[in-house]
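Take a look at the structure set out below.
The values are calculated or read from the model by the stated rules, or taken from the named source; none is laboratory data. From a predicted model like this one, the values you see are computed outputs, not experimental measurements. Ideal geometry is used to build each Cβ from the backbone, glycine not excepted, and the neighbour counts take in all protein chains shown.
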Amino acid sequence: MSTVTIAVFGATGNQGGAVVDALLDHEARVRALVRDPQSDRAQALAARGVELAVVRADDPASLAAALTAVEGFYFMTPEANSLEEIEVEIRIGTALVDAAADASVPHVVFNSVFGADRETGVPHHDSKHWVEEYLRKSGLRATMVRPTAFMENFTSVMAPSLEHGEIVLRLPLPEDVALKMISIRDIGRVAAALLLGTAEAPGGAVELVGDELTGPRIAAAFGARAGLPARYEALPLSVLPNEFDQAMFRQFAEAAEHPSDLAVVRSIEPATLDLAEWIRATSWTAPTNAAGS
Ligand SMILES: NC(=O)c1ccc[n+]([C@@H]2O[C@H](COP(=O)([O-])OP(=O)(O)OC[C@H]3O[C@@H](n4cnc5c(N)ncnc54)[C@H](OP(=O)(O)O)[C@@H]3O)[C@@H](O)[C@H]2O)c1
């Protein structure tokens, strides 16, 4: 095992968990900052040789102690769906930056979000922009990784349905807009490469994108896998239940106009999955519970 120790905040979650997977693949030592060391997910990490450091986000001493003697620190900030949760998100992010500065961590990788180099008016993206700014001002060596939409959303909130023998994808996105997307596995792989110093992000930031496809092409990729015809329906933004999501989908459309970092991501992780590869890798199968099928 390598002598390099990397601290990870969010290790029991999706993205942090993928970072741990990739770090362990490279035989790095991993220290997970967890709030509940007895949780099933924390215990599963410990069983894989991950050191657990118990922290409370509102206890700076616990955070700084957890970050002593590490070569790198990865953190993400938790999901926020209300202004109160945004405040918590910013508080956690800035507390982690302060702790990293107290502990003089040599390199910090912040898992932000696409577009967070600027204010976009998306509340839970601007929160990450502010954490980025706070991290930049800390004087720490920092790299921002900015994931686009998770491909995994196609198994939950953005899942295609099967209707009358046809794969149907409906999203509140105009049909000529290419959605940028990335698999959670590859978020972990890119972040790990940056933390271990086997790659660098030009300018200290990289938008994490593994594919960029319009709705009709996304639907076609699922249809091809299922061996079924497929169609896409663009929905109005008003189908989304809250303003946060509406602002985010507006931002998906705007992001399509910004230059893509696909080539940079592939230079860091050549095996980055495109959507068709992700569909194969995850053994996605057509849903069976849809109307008329
Ligand atoms: N969905 C998308 O397409 C997408 C795209 C780009 C960016 N994002 C952003 O990604 C983030 C969510 O990432 P994820 O899916 O990896 O999250 P996740 O799976 O929900 O994991 C959250 C992690 O944060 C930890 N955590 C939360 N609150 C904590 C606290 N107060 N103290 C200590 N640990 C705490 C959780 O620990 P426990 O196990 O103890 O709960 C868990 O490890 C959001 O900020 C979202 O905006 C999402």
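For the stretch 19-36, filtered to residues that are more than 8 Å from the ligand (Cβ to nearest atom) and more than 19 Å from residue 68 (Cβ to Cβ), the residue that is nearest to the chain's Cα centre (by Cα) is 19. Report yes if residue 65 is part of a helix (DSSP H, G or I) and surrounded by 13 or more Cβ atoms within 10 Å (Cβ to Cβ), otherwise no. Spelling it out, residue 65 is indeed part of a helix (DSSP H, G or I) and surrounded by 13 or more Cβ atoms within 10 Å (Cβ to Cβ). Residue count for the stretch 102-158 under the criterion of being assigned to a loop (DSSP other than H, G, I, E, B), away from the ligand (no atom under 11 Å from the Cβ) and either buried (at least 16 other Cβ atoms within 10 Å of the Cβ) or not basic (Lys, Arg) (or both): the result is 12. What about residue 94, is it over 16 Å from the mean Cα position of the chain (by Cα), surrounded by fewer than 24 Cβ atoms within 10 Å (Cβ to Cβ), more than 10 Å from the ligand (Cβ to nearest atom) and modelled with pLDDT under 95? In short, no. For the structure I just gave you, tell me whether residue 6 is aliphatic (A, V, I, L, M) and away from the ligand (no atom under 14 Å from the Cβ). Here the answer is yes, as residue 6 does meet what is asked. Condition check for residue 39 on (1) near the ligand (Cβ under 10 Å from one of its atoms); (2) under 18 Å from the mean Cα position of the chain (by Cα): one failure, at (2). Annotation: residue 218 fulfils all but one of (1) touching a His at 6+ places or on another chain (Cβ under 9 Å); (2) surrounded by 20 or more Cβ atoms within 10 Å (Cβ to Cβ); the unmet one is (1).
Condition check for residue 53 on (1) assigned to a loop (DSSP other than H, G, I, E, B); (2) of a type outside the set (Lys, Arg); (3) at pLDDT 95 or above: one failure, at (1). The number of residues in the stretch 45-67 that are touching a Lys or Arg at 6+ places or on another chain (Cβ under 9 Å), within 19 Å of residue 26 (Cβ to Cβ) and of a type in the set (Lys, Arg) comes to 0. Residues in the stretch 152-192 that are of a type in the set (S, T, N, Q) and within 15 Å of the chain's Cα centre (by Cα): 153, 183.
Every condition in (1) surrounded by fewer than 15 Cβ atoms within 10 Å (Cβ to Cβ); (2) within 8 Å of the ligand (Cβ to nearest atom) is met by residue 47 except one, and the failing one is (2).
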